[in-house]
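In what follows, a structure is listed as structure tokens, so that the remarks can point back to it.
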Amino acid sequence: MIGVLALQGGFIEHVKALRKLGADNFEIRKQSDLDVKNLSGLILPGGESTVIGKLLHETGLFDPIDELIRKGVPVFGTCAGLILLAERIENDRSVYFGAINITAKRNAYGRQLGSFRTEGDFDGVGKIPMTFIRAPYIEETGDGVKILSRVKGRIVAARQKNVLVTAFHPELTNDLRVHEYFLKKF
Ligand code: GLN
């Protein structure tokens, strides 16, 4: 059972992707939503990381989700979700879950170039379509992090232990192999 954080941003696209793959899922809006018995993964969607971060604290969801991630529940963050999972954010004072040893750079492609589509190789998956929206990229990775994809010389996907992050939005394409990767390999 995969929980999709549904406080703000593009969570519905993840729900749809999971449905297409036949993966049971539920939306997380408040603490009691986490009372499911067979939680097997979490998705943190794209949106505005500052807004999602604020809402995580206001709803009291931050601590229980932090605990789940630390316990090893597989978590997949896309775009703003990547920022929420990063140990360091180059151009933001905040750190949220700090669960993957990367430095994220918010809105890293600049205003004009921040949103684009391309194709890129994703380790273990192959060539996939990628949609970037006011996207971050990964400026630097530390020990223990496996780089999964680079586009235009920038790191755009990585994993460490139970944490998977992409700077782009696989849920906005018809190619759901990155979601499959998350469901299978974690
Ligand atoms: N620019 C957003 C942020 O900094 C991320 C954009 C997205 O999730 N599509 O949080």
| said: Looking only at the range 6-40, how many residues end up being within 16 Å of the ligand (Cβ to nearest atom) and closer than 13 Å to LEU55 by Cβ? | reply: 5
| Just a yes or no: is a residue in the range 120-128 in contact with a Phe, Trp or Tyr (Cβ under 8 Å, 6 or more places away or on another chain), open to solvent by 10 Å² or more (accessible area, probe 1.4 Å) and outside any loop (DSSP other than H, G, I, E, B)? | no
| said: For the range 105-129, give me each residue that is under 14 Å from LEU172 (Cα atoms) and either more than 11 Å from the ligand (Cβ to nearest atom) or among the hydrophobic types (A, V, I, L, M, F, W, C) (or both). | reply: PHE116, ARG117, THR118, GLU119, ILE128, PRO129
| said: When the residues of the range 130-153 are narrowed to those that are assigned to a strand (DSSP E or B) and open to solvent by 20 Å² or more (accessible area, probe 1.4 Å), which ends up farthest from the ligand (Cβ to nearest atom)? | reply: LYS146
| said: Looking at GLY81 and the list (1) open to solvent by 20 Å² or more (accessible area, probe 1.4 Å); (2) touching a residue at least 12 places away in the same chain (Cβ under 8 Å), which single condition is not satisfied? | reply: (1)
| message | Could you check the range 14-60 and list, in sequence order, the residues that are hydrophobic (A, V, I, L, M, F, W, C) and without any contact (Cβ under 8 Å) to a residue 40 or more places away in the chain? | response | VAL15, PHE26, ILE28, LEU34, VAL36, LEU39
| field | Members of the range 155-184 that are part of a strand (DSSP E or B) and farther than 13 Å from THR118 by Cα | value | ILE155, ALA157, ALA158, ARG159, GLN160, VAL163, LEU164, VAL165, THR166
| remark: Selection from the range 7-27 of residues touching a Phe, Trp or Tyr at 6+ places or on another chain (Cβ under 9 Å) and farther than 23 Å from ASP175 by Cβ yields GLU27
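The values are calculated or read from the model by the stated rules, or taken from the named source; none is laboratory data. If you're wondering where the values come from, they're calculated on a predicted model, not measured in any experiment. Backbone-built Cβ (ideal geometry, glycine too); neighbour counts: all protein chains shown. In case anyone asks, the SASA skips ligands and DNA or RNA and just uses the protein heavy atoms, side chains included. Shrake-Rupley method; radii C 1.70, N 1.55, O 1.52, S 1.80 Å.
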